[in-house]
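The values are calculated or read from the model by the stated rules, or taken from the named source; none is laboratory data. Everything quoted here is computed from the prediction, not taken from an experiment. Every residue, glycine among them, receives a Cβ derived from its backbone with ideal geometry; neighbour counts consider all protein chains shown. Just the protein is used for accessible areas: all its heavy atoms, side chains included, with ligands, DNA and RNA removed. Shrake-Rupley method; radii C 1.70, N 1.55, O 1.52, S 1.80 Å.
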Amino acid sequence: MAEKTALDVPFMEVNSELCKGCQLCLAACPKSVIAISEKLNSSSYHPAFYTGAECTGCGLCFYACPEPGAIRVYKP
Amino acid sequence: MKTYEKSAGFFPVFERKSGPAKDATHYCPGCGHGNVHKMIAEALNDLGLIDRSVFVSPVGCSVFGYYYFNCGNFQAAHGRAPAVATAVKRTNPQAIVISYQGDGDLAAIGTAETIHTANRGENICVFFVNNAIYGMTGGQMAPTTMIGQRSTTTPHGRIEALHGNPIRMAEMLATLPAPTYIERVAIGDSKHIMKARKAIRKALTIQAEGRGYSFVEIVSACPTGWKMDPVHSRDWLIEEMLKVFPLGVFKDESENRDENSWLRRCDAYDPAKVDEYLDRLKSTLGDAAPVALTNDLHCKFAGFGGQGILTLGLLLSQIGMRAGQHVSWFPAYGPEMRGGTANCSVNVCGGRIGTPLVDTPNLLVVMNQPSLDAFADQVIDGGTIIIDSTIVEGRLDSTRLRQVLIPATAIADEVGTAKVANVVVLGALVAATDCFPREFCEDTLRAAIKKRSLVDMNIDAFGRGYEFVKNAR
Ligand SMILES: Cc1ncc(C[n+]2csc(CCOP(=O)(O)OP(=O)(O)O)c2C)c(N)n1
Ligand code: SF4
Ligand code: SF4
Ligand code: SF4
Ligand SMILES: [Mg+2]
């Protein structure tokens, strides 16, 4: 079996500049794989970020997020 | 493979938004408007409708819909979005038209438009974002505010006896026969959100298929107005709001209505048809070659109701129209049929007329004293003021205006009835301005006066008014 590449696994990513730190994506994620950063973005929000593993690509965080461009979810 | 990302239903960059941050919305953190926007943009794009969609935004936090949606956009006056949407849809039946509204907009100031648009079964989608508060103006009570809920106008909480109960718009509209589909959904937990997404897609599909009116009420959070953080807002929404605003389908006739069976259309605006109508109107006055106009007339005629002020305006307009000039006539009168005040604005111009209102006339006719007091100052320098000196006692003491005095009512009385004083004034007006030849005006009057037995008396009245002014010169 070929080795798994990055694009074989689902992931989510947050555009930390567009995130408003509302934490609704955290509440929505069935896998609890989203967290809030200690750092502030340039609009003074603590942005969400993907902790890096076990995202299933379900997309629920995307729909829970009010910002059009803050979350991108990839599902192979 | 699937990616969930910003839909092409949105502009790639929100250029119309002021300030920096042209990729983020103007909404507060956790605001439900953003979720609803995302679902609408996605649906319009996925269903291939975006290029023929028109988004009508309300007054409320979503007033800036045109920043975001990559389609046609209107911003309507507060509460009037469904009326604007009706006009857009009827004149462009192929367009997908969305009336997007908040609870203050839809259920307070716009209640009448909401009900009647639904009752007519317009083939549009109404997306109603119910966040139980006036978000934009800082958190006042809305018709949908919950009993006990604090707002800036209900600081001790909404009280039934004082403020009434929260209004359930979906249930109310579902009692009407015309709507096709009415559902209430919520931006609550993920299950609610996915159902909301489905409802929005369904409503748009119904419209695209011409199956009629859809109303999707979306219970949504306003963390700022509610003074709660976003996550608690969604919890409160689920635990408290959904008790009062139960989710579900209240009406679904989509299966029973045939495709394109529910189009309310009116023919698209066609300038040729307007011309045709005006020509027909003109031909009732008898054919005439165009007659030149010396100076554009911007007139205000004012007096008591019953003096024929409005008719005076109509007659001058008809003369101008028959002469091939551009004309407008715009009446304004009080609630009384007689004895109240009346005035009208009339433009007779060689070129196109922008507004039918005349605020600064170059010609004023006053047939009572209050009108002289009210309007004399508005006449432009060098303008003319014609005064019925039988009735109006006042005179101008300035030389700023040209003053033409004519005892119009007394002359009319001699002719046979004071009722033709307005036509005496018309004669005086034509004489004072030399706007059109006397014979041309008399010919037009003959055609315009419908009651044959009155034609001679009116021509007599016109002639006396005309001569009075010419002889006084
Ligand atoms: C004719 C008029 N009256 C009042 C207002 C003030 N006003 C602006 S938004 C608003 C209410 C908005 O509430 P809602 O429709 O619930 O929208 P939200 O901001 O909550 O989404 C009011 C009363 C106005 N702009 N125009
Ligand atoms: S896509 Fe699903 S699993 Fe992945 S982060 Fe988002 S909510 Fe969690
Ligand atoms: S839901 Fe969106 S805006 Fe809110 S914290 Fe998550 S990514 Fe940021
Ligand atoms: S005030 Fe309320 S409705 Fe308006 S943007 Fe903020 S959260 Fe949204
Ligand atoms: Mg509201």
Practice prompt. From (1) free of Cβ contacts under 8 Å to residues at least 60 places away in the same chain; (2) of a type in the set (Gly, Ala, Ser); (3) away from chain A (no Cβ under 14 Å); (4) assigned to a helix (DSSP H, G or I), pick out the condition that doesn't hold for B:Ala199.
Written response: (3)
Worksheet, complete the sentence: Taking region A:37-51 and keeping only residues that are open to solvent by 50 Å² or more (accessible area, probe 1.4 Å), more than 10 Å from ligand 2 (Cβ to nearest atom) and in a loop (DSSP other than H, G, I, E, B), one is left with A:Glu38, A:Lys39, A:Leu40, A:Ser42, A:Ser43, A:Ser44, A:Tyr45, A:His46
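If the requirement is being surrounded by fewer than 23 Cβ atoms within 10 Å (Cβ to Cβ) and not aliphatic (A, V, I, L, M), which of these qualifies: B:Gly164, B:Gly135?
From the options B:Gly164, B:Gly135, the qualifying one is B:Gly164.
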Fill in: Candidates B:Asn35, B:Asn73, filtered to the one that is in a strand (DSSP E or B) and either open to solvent by less than 40 Å² (accessible area, probe 1.4 Å) or more than 13 Å from ligand 1 (Cβ to nearest atom) (or both)
B:Asn73
Discussion item. Every residue in region B:64-102 that is of a type in the set (A, V, I, L, M) and within 21 Å of B:Glu209 (Cβ to Cβ), please.
Written reply: B:Ala85, B:Val88, B:Ala95, B:Ile96, B:Val97, B:Ile98
Worksheet item: Can you tell me how many residues in region B:38-49 are more than 14 Å from chain A (Cβ to nearest Cβ) and either buried (at least 18 other Cβ atoms within 10 Å of the Cβ) or over 25 Å from B:Asn92 (Cα atoms) (or both)?
Response: 1
Worksheet, complete the sentence: Only one of B:Val88, B:Val59 is in contact (Cβ under 8 Å) with a residue 60 or more places away in the chain, more than 14 Å from chain A (Cβ to nearest Cβ) and open to solvent by 10 Å² or more (accessible area, probe 1.4 Å), namely B:Val59
Discussion item. Taking the condition of being crowded, with 20+ Cβ neighbours inside 10 Å and either polar (S, T, N, Q) or within 12 Å of ligand 1 (Cβ to nearest atom) (or both), how many residues in region B:93-132 meet it?
Written reply: 19
Worksheet item: Considering only strands (runs of 3 or more DSSP E) fully contained in region B:307-418, which possess at least 1 residues that are farther than 27 Å from B:Leu293 by Cα and either open to solvent by 40 Å² or more (accessible area, probe 1.4 Å) or in the same structural domain as B:Phe436 (by TED's automatic domain parsing) (or both)?
Response: B:326-333, B:341-349
Discussion item. I'd like to verify a number: residues in region B:1-32 that are within 7 Å of another protein chain (Cβ to nearest Cβ), in contact with a Phe, Trp or Tyr (Cβ under 9 Å, 6 or more places away or on another chain) and open to solvent by less than 60 Å² (accessible area, probe 1.4 Å), how many?
Written reply: 7
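Test B:Arg211 against the stated conditions and say whether it is open to solvent by 10 Å² or more (accessible area, probe 1.4 Å), in contact with a Phe, Trp or Tyr (Cβ under 7 Å, 6 or more places away or on another chain) and under 18 Å from A:Ala28 (Cα atoms).
Values: open to solvent by 10 Å² or more (accessible area, probe 1.4 Å): yes; in contact with a Phe, Trp or Tyr (Cβ under 7 Å, 6 or more places away or on another chain): yes; under 18 Å from A:Ala28 (Cα atoms): no.
Criteria not met by B:Arg211.
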Discussion item. Taking the condition of being near ligand 3 (Cβ under 7 Å from one of its atoms) and without any contact (Cβ under 8 Å) to a residue 40 or more places away in the chain, how many residues in region A:16-33 meet it?
Written reply: 3
Discussion item. Would you confirm, using the coordinates I've provided, whether B:Ile206 is away from ligand 2 (no atom under 16 Å from the Cβ), within 14 Å of chain A (Cβ to nearest Cβ), outside any loop (DSSP other than H, G, I, E, B) and within 30 Å of B:Glu255 (Cβ to Cβ)?
Written reply: no
Fill in: Any hit, region A:2-15, residues being touching an Asp or Glu at 6+ places or on another chain (Cβ under 8 Å) and either more than 9 Å from every other protein chain (Cβ to nearest Cβ) or surrounded by 19 or more Cβ atoms within 10 Å (Cβ to Cβ) (or both)
no
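Scan region B:12-56 residue by residue and report those that are within 16 Å of ligand 4 (Cβ to nearest atom), touching a residue at least 12 places away in the same chain (Cβ under 8 Å) and polar (S, T, N, Q).
B:Thr25, B:Asn35
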Fill in: Condition check for B:Thr152: polar (S, T, N, Q), surrounded by fewer than 24 Cβ atoms within 10 Å (Cβ to Cβ) and away from ligand 5 (no atom under 11 Å from the Cβ)
yes
